[in-house]
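Asker: Below is a structure I'd like to ask you about.
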Amino acid sequence: MRLELLAPVPYRAIGTVAPASGVDDASPVAREGNRLGWRGWLIVVAVGCSLLGQGERCRMDRRFRAPSTTLQTYWEALRAGDADAAWACFVEGRPDVPMPGSIWFLPSTDDLWLTGYHALPVSPGRVLVSYEVHYRDRWSGDERMFRFGNELVRERGEWRIAKSIGEASMPEWKPKERPVDS
């Protein structure tokens, strides 16, 4: 049994309050410990979480997430004859003149794949890549291959082709005799 609860209730004066005499103490009463408590921490966490997602949205194109996917996208665009998709793989975008020897040298083909990647990091956002381009000629069915190289740079998390490295070892041209009216 708790005896302190049975103490008499202090007397309250009924009526008007007696005027205070002297000077009032205007200084605020200091709290003991200044602890935040769970509500205070909840407010701090809510404010912190609301500030975390602020800033510019970053939308990366999955086609340019790595040097190999950028090169695969580029050569697939060349195979399909899509110049706009091919120019999207470059840093400078689309100039007014076509790239010599890029779109029109490939014969019509259904299969095109890249192998033999050799990457040389030049700096954290720049890499030199050499690779082999394999394709199957649609008319003859022959598999052909040539080596090629590009310098790629990273801009805002996406890899883009800066320039070609040297001359490509283009396949030897072997025209097939085909009927003119087919």
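The values are calculated or read from the model by the stated rules, or taken from the named source; none is laboratory data. The shown structure was predicted, so the numbers you read here are calculated from the model rather than taken from an experiment. Backbone-built Cβ (ideal geometry, glycine too); neighbour counts: all protein chains shown. Accessible surface is based on the protein model in full, side chains and every heavy atom, while ligands, DNA and RNA are left aside. Shrake-Rupley method; radii C 1.70, N 1.55, O 1.52, S 1.80 Å.
Asker: Are there any pairs, at least 6 apart or on different chains, whose C-beta atoms fall under 6 Å, with the first in segment 71-88 and free of Cβ contacts under 8 Å to residues at least 24 places away in the same chain and on the phi < 0 side of the Ramachandran plot and the second open to solvent by 30 Å² or more (accessible area, probe 1.4 Å) and not in a helix (DSSP H, G or I), and if so, which?
Answerer: From segment 71-88, the pairs are Trp87/Arg94.
Asker: Could you check how many residues of segment 144-177 are part of a loop (DSSP other than H, G, I, E, B) and at pLDDT 60 or above?
Answerer: The qualifying residues number 5.
Asker: Let me ask something else about it. Considering segment 131-154 alone, what residues qualify as being open to solvent by 40 Å² or more (accessible area, probe 1.4 Å) and under 26 Å from the mean Cα position of the chain (by Cα)?
Answerer: Arg154
Asker: A follow-up question, please. Limited to segment 71-108, what total is found for residues that are in contact with a helix residue (DSSP H, G or I) (Cβ under 7 Å, 6 or more places away or on another chain), surrounded by 15 or more Cβ atoms within 10 Å (Cβ to Cβ) and at pLDDT below 80?
Answerer: Total satisfying the criteria: 3.
Asker: Residues of segment 114-130 being touching a Gly at 6+ places or on another chain (Cβ under 9 Å) and either among the aliphatic types (A, V, I, L, M) or exposed (fewer than 15 other Cβ atoms within 10 Å of the Cβ) (or both), which ones?
Answerer: His118, Leu128, Val129
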